[in-house]
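Here's the structure, in structure tokens; my notes come after.
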Amino acid sequence: MTSVTRVSVIIPVRDDPAVVRTVRAVRAACEGFAGDIQVIVIDHASADGFAATLAQLPEGTLVHRSDAPTVYAARNEAIDRASGEALFFTDADCEPCPGWIAEGLRHIDRGASVVQGFSGSVGATRGDALIQWRYEAHLRPLAPGDSTECDTRNLAVRREVFDRVRFNGAWRRASDTEFGLMAEGAGAAVEYCPAMRVQHSHNPDLRIFVAKQICHGWGAQRIMREHPDVRWHGGHLRIVAAVSRVVGYWPLNVWGAPAIGRAALAGASALERWGGVLPFRLQAALLTALDKAGALAGHLMYELGGEEPRPSVLAGRTSLD
């Protein structure tokens, strides 16, 4: 029996009609939890016509319109409106699985302050499978209760944690990772719960995936520079950061960072087009290399200064951000 009697679920959305399905899935994921559930949908800069979709949300859903500069700043606004003793976060392209809330609360009841769940894949295309393979890479060695980096695709947090730490609303990427690391540094127990599951709808475009990894690399380097004492769980991030600090001082880095990024994006396009003839494990290995090259490019781009990169600009896709 959980000690938590009220849960708030926070879901940001921008022009994505799948949010209706997500909220319905949240309502169906209450198995094992007898308390009250408050669902907050953050309409973050959607077009005016999206109001018709929001009108289809299940009765009782609280819709908050936000003009905040980033989705993390919008999440902070929703936190101020949340009444739950525990706050759950997911995205409009996710579907929480039965028992989602109960599993997260099980870890909170035994002492966790932040609980990171597992995200599966809705899609069944080759691109979906490859991206899911990369997503799971850092989770495969973990046991339930281990600490890890966090993402708001599937996250549960004790309310009182937000009295000490909030999301960094100044940036578009990696602020959920930053939140988890800063919360842990402030004494919060961060635990991985593989049974707390959502199903995520990936964008199977591998070029978009690599563009996002470039942006995540930039964000990770920012966190490392702003918080040099933070303890990362992913050892490869420390290696990439060390390499980028050395290479960042080279004059060649002025053209080298964009060149690495362009090469990673071109490789993603080639893998998307011709990779299907290769064994899946080889495709996965190639995407891993492109992922790491993209992250390195992002780290180096941070060294060069300038604005935070956008996936839509990098990938040449519109309406992505």
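Looking only at segment 132-142, count every residue that is open to solvent by less than 50 Å² (accessible area, probe 1.4 Å) and either part of a loop (DSSP other than H, G, I, E, B) or over 25 Å from residue 295 (Cβ atoms) (or both) and tell me the total. Looking only at that region, the number is 3.
The condition (being among the charged types (D, E, K, R) and free of Cβ contacts under 8 Å to residues at least 40 places away in the same chain) is satisfied by just one residue among 207, 140: 140.
This table checks each residue for (1) modelled with pLDDT under 95; (2) not small (Gly, Ala, Ser).
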site	(1), (2)
33	yes, yes
39	no, yes
42	no, yes
45	yes, no
50	no, yes
55	no, no
62	no, yes
68	no, no
76	no, yes
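Residue pairs whose Cβ atoms lie under 6 Å apart, sitting 6 or more positions apart in sequence or on different chains, and linking a residue in segment 17-45 that is touching a residue at least 24 places away in the same chain (Cβ under 8 Å) to a partner that is open to solvent by 10 Å² or more (accessible area, probe 1.4 Å) and in a helix (DSSP H, G or I), are 17/53; 32/102; 33/102; 44/71.
Please go through segment 84-122 and pick out each residue that is of a type in the set (A, V, I, L, M) and under 14 Å from residue 157 (Cβ atoms).
Within segment 84-122, 86, 87, 101, 105, 108, 112, 114, 115 qualify.
Of the residues making up segment 266-278, those that are open to solvent by 10 Å² or more (accessible area, probe 1.4 Å), in a helix (DSSP H, G or I) and either free of Cβ contacts under 8 Å to residues at least 60 places away in the same chain or over 16 Å from residue 213 (Cβ atoms) (or both) are 266, 267, 270, 273, 274, 276, 277. Residues that are out of contact with any helix residue (DSSP H, G or I) (no Cβ under 8 Å at 6 or more places or on another chain) and either modelled with pLDDT of 90 or more or surrounded by 17 or more Cβ atoms within 10 Å (Cβ to Cβ) (or both) do not occur anywhere in segment 234-243.
For segment 119-131, a tally of residues being out of contact with any helix residue (DSSP H, G or I) (no Cβ under 8 Å at 6 or more places or on another chain) and either crowded, with 17+ Cβ neighbours inside 10 Å or in a strand (DSSP E or B) (or both) returns 1. As a summary of the residue check, residue 197 satisfies the conditions (1) charged (D, E, K, R); (2) in contact (Cβ under 8 Å) with a residue 40 or more places away in the chain; (3) more than 17 Å from residue 108 (Cα to Cα) except for the one numbered (3).
Selection of segment 290-321 for residues being part of a loop (DSSP other than H, G, I, E, B), open to solvent by 40 Å² or more (accessible area, probe 1.4 Å) and modelled with pLDDT of 90 or more yields 307, 310.
Contact map, segment 289-318: residues that are aromatic (Phe, Trp, Tyr) paired with residues that are crowded, with 18+ Cβ neighbours inside 10 Å and in a helix (DSSP H, G or I), Cβ distance under 7 Å, separation 6+ or inter-chain. Pairs shown: 302/218; 302/221; 302/222.
The helices (runs of 4 or more DSSP H) found entirely in segment 1-117 that carry 2 or more residues being of a type in the set (Gly, Ala, Ser) and surrounded by fewer than 16 Cβ atoms within 10 Å (Cβ to Cβ) are 51-54. Might you check whether a residue that is assigned to a helix (DSSP H, G or I), crowded, with 24+ Cβ neighbours inside 10 Å and at pLDDT 90 or above occurs anywhere in segment 249-261? Within segment 249-261, one or more residues are assigned to a helix (DSSP H, G or I), crowded, with 24+ Cβ neighbours inside 10 Å and at pLDDT 90 or above.
Of everything in segment 279-289, what is open to solvent by 70 Å² or more (accessible area, probe 1.4 Å) and not aromatic (Phe, Trp, Tyr)? Give them in sequence order. Correct list: 279, 281, 282, 286.
Scanning segment 159-176 for residues being free of Cβ contacts under 8 Å to residues at least 40 places away in the same chain and part of a loop (DSSP other than H, G, I, E, B) gives a total of 2.
Just one of the numbered conditions (1) of a type in the set (S, T, N, Q); (2) modelled with pLDDT of 90 or more; (3) more than 30 Å from residue 27 (Cα to Cα) is not true of residue 221: (2). The set of residues in segment 143-158 being open to solvent by 10 Å² or more (accessible area, probe 1.4 Å), in contact with a helix residue (DSSP H, G or I) (Cβ under 7 Å, 6 or more places away or on another chain) and free of Cβ contacts under 8 Å to residues at least 60 places away in the same chain consists of 151 alone. The combined condition, being more than 17 Å from residue 11 (Cα to Cα), at pLDDT 95 or above and in contact with a strand residue (DSSP E or B) (Cβ under 9 Å, 6 or more places away or on another chain), is fulfilled by residue 106.
The values are calculated or read from the model by the stated rules, or taken from the named source; none is laboratory data. Just so you know, these numbers come straight off a predicted model, no measurement behind them. Please note: Cβ atoms are built from the backbone with ideal geometry, for glycine as well, and neighbour counts cover all protein chains shown. Each accessible area value is taken on the protein alone, full model and side chains, heavy atoms only, with ligands, DNA and RNA left out. Shrake-Rupley method; radii C 1.70, N 1.55, O 1.52, S 1.80 Å.
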